[in-house]
Structure formats: structure tokens, C-alpha cells
Amino acid sequence: MSTNLADPQRLATPPTFQSVSVSRRIKNGMATALVWGAFLIAIIPLVWVLYTVIQRGFPVILDGDWWQKSMSGLLARQQGGGAYHAIYGTLVQGLVCAVISVPIGIMVAIYLVEYGGRSRLSKATTFMVDILTGVPSIVAALFVYTVWITTFGLSRSALAVSLALVLLMVPVIVRTTEEMLKIVPDELREASYALGIPKWKTIAKIVIPTALSGILTGIMLALARVMGETAPVLVLAAYAPFINYNLFDGPMASLPLMMVNERNNPTAAGFDRIWGAAITLVVLITLFNLLATVISRSLAPKTK
């Protein structure tokens, strides 16, 4: 039975693209306004904090002595001195922590994504990583104090601080690396396997280089977190107003611990050092993030 194309009773096909109704436009505008409002509410405290830190701390770090001298031999009420000892302690503790944490975190993430599957060990590892993600820094410090100092009888040192920071840094690296490895297309793995390349070489030569940009970003975020911790340094190393190059023995300052120590100094000199240490820590973390951005962009897969 043929169909009469001129039949006026035939239903017309609706157009593919129809005009948006007025109610949908209003709802879209309201949702956009709410999102922008939430963004502004969230960004105002951040801008306020940064402005306050820069305003009060920038004049302090302009002094050359701030970067070249420590607080050794300086009275609490005396102006001057520097944060050289605290900068050194922050960098050493953070870098030693990164040297230990990065290989462990990346290896655990590779196991969870590439080898673990749904095995019991994989589930147990994921569960432990979730627990470590929410562990407060003071708990990690007390755990290392119990094992390192009380049980083994070793002295308080910057190395003990780095071990406590490892417990805080590893779960962040594991989570970020795991997510970066998951977004690598399976087609790349399958193409490599089809060429007869072993799985371990596929991971080392294809999967990791593809995800390396995001992995580096996660490492820098984890490093920024541990560099700002105070409790591990306070419990496991204590504050020293002088430079200590020994990683294995003696107290060693850090920028967060310097701020805590100067908080007990109610003089103007003490408050100046607090703001100076705060902006110095911000500058160091910013430099690390900029360095990670440059490296990640240079190592990112080229699309052209």
C-alpha cells in the first residue's frame, strides 16, 4: 500500500533542533548565577589570605639577611635574623620524603591498575590507602615516634620527620597516579601487546610516559601538602634557631615550625617573622608547582 506524500493527515517530522523554551532559559541563567556566586564566595577568602600574607610578609623577605642568616644568637625582641635554617629544613625534609614516597606510591598505583584487578590483596591495599588518606599528621608523627624513638631507641632527627611525612605523602601519590593510569586508553596497551611487547615494558614505555604529566602534578600537590605540616617536626625533631646539616641527629627547624615558635613571641619582631615565614613557604610551593608545570608540559604526549 503506497503512502500519499500529499496526504494532509500525515504527521510532520519535528525538526531536529528546536528553540529553547523560556523556562529552560530562566533555569539555565539561575544555575549559571548560582555557580558563579559559589565560585566568588570560595575565591574571596583565598584572595583575602593571599593579600594579607603578601602585604605583611613581603617587606620581610626583601631583606637579604632573611635568605642568608638564621636566628642563632638573636634575642626574641631583636629585629633582624633570617629563615635560612628553616628554609633548609623544609627543603631537606620534603625532598627526602619525596625520594622515599614517589617510588612507593607509583609502584603501588601500577599494581592496583595493571596487576591487582579484584584480588584480595588489591582490595586490602585500596582499603589501607583510603585509611592513610584521612590520617591526621599528628597520628603519623606519634606512630613514627613510637616505632623510631621508643622501640628502636634512635634519636629525634629530620629523618624521622621525613618518615612521618611519607605516611602522609604516599596515599596522595597513589590516588593521583592511579587515576592518571586509568585514563590511559586501553587501545594503547592492546596495540603494544599485539606487537609482542611484554606487559612490563608496555607499562614502562607507553603507559607511564602517557600519564607522566598528571603523575608529576599529583606529586607536586602531595609535596606541597607535606611541606606545610607542623606536627611531625614538632614531635620528632623540635625547633632549632640555628642551621643543622645533620639529617640523622639533632633538632632541625622548618618554616611551619618557625611560625609556631615565633607565635609565642608577642613582640613586633616575632609577628614579622611569622608573616615572613608564611610568604616564604608560599613562594617555595609556588616555585615547585611552576617547575612541575613546565616539566609536565614538556613531557606531555604530543598531539601534533
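The values are calculated or read from the model by the stated rules, or taken from the named source; none is laboratory data. No experiment lies behind these values; they were computed from the predicted model shown. For neighbour counting, all protein chains shown are included, and Cβ atoms are generated from backbone atoms with ideal geometry for every residue, glycine included. These accessible areas exclude ligands, DNA and RNA; they are computed on the full protein's heavy atoms, side chains included. Shrake-Rupley method; radii C 1.70, N 1.55, O 1.52, S 1.80 Å.
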Once you've got the GNM for the chain with C-alpha springs shorter than 10 Å, pick whichever of Glu114, Glu187, Glu178 has the biggest mean-square fluctuation.
Glu187
Put a dot 7 Å past each Cα toward the Cβ at Lys205 and Met30; how far apart are the dots in nm?
5.8 nm
Looks like the stretch 30-184, by Cα gyration tensor root eigenvalues a ≥ b ≥ c and the a/c under 1.5 rounded cutoff (else prolate when a/b is bigger than b/c, oblate otherwise), is oblate
Could you tell me which residue out of Ala292, Leu168, Ala42 lies farthest along the dipole of the chain toward its positive end? Charges go on the beta carbon: Lys and Arg +1, Asp and Glu -1, centred on the Cα centre.
Ala42
Of all trypsin sites (Lys or Arg not before Pro) in the stretch 35-110, which ones are in loop regions per DSSP and have a Cβ with at most 10 other Cβ atoms within 10 Å?
none
Taking a ≥ b ≥ c as the square roots of the Cα gyration tensor eigenvalues, with a/c under 1.5 meaning rounded and otherwise prolate when a/b beats b/c, else oblate, which class fits the stretch 233-304?
oblate
Using θ = phi - 60° and the Karplus relation 6.51 cos²θ - 1.76 cosθ + 1.60, list the HN-Hα couplings for the stretch 113-126 in order, rounded to whole Hz, with x at every Gly or Pro.
8, 9, 10, x, x, 10, 6, 5, 5, 5, 5, 5, 5, 4
Per residue, how much accessible area does the chain show when a 1.4 Å probe rolls over the protein heavy atoms, in square angstrom?
60 Å²
In a Gaussian network model over the chain where Cα atoms closer than 10 Å are linked, find which of Ala231, Ala191, Ala109 has the largest mean-square fluctuation.
Ala191
Pairs of lysine residues in the chain - Cα separation under 21 Å, sequence separation of 8 or more or cross-chain:
8
Pairs of alpha-carbon atoms within less than 8 angstrom and 6+ residues apart define the contacts here; what relative contact order does the stretch 67-299 have, in percent?
29 percent
Fully extended, how many nm does the chain gain between Ser72 and Ala268 (0.36 nm per residue separation, minus their Cα-Cα distance)?
68.7 nm
Over the chain, what percent of the accessible surface lies on carbon and sulfur atoms, probe 1.4 Å?
69 percent
Estimated dipole of the chain in Debye, rounded to 20 [Cβ of Lys and Arg +1, of Asp and Glu -1, Cα centre]
620 debye
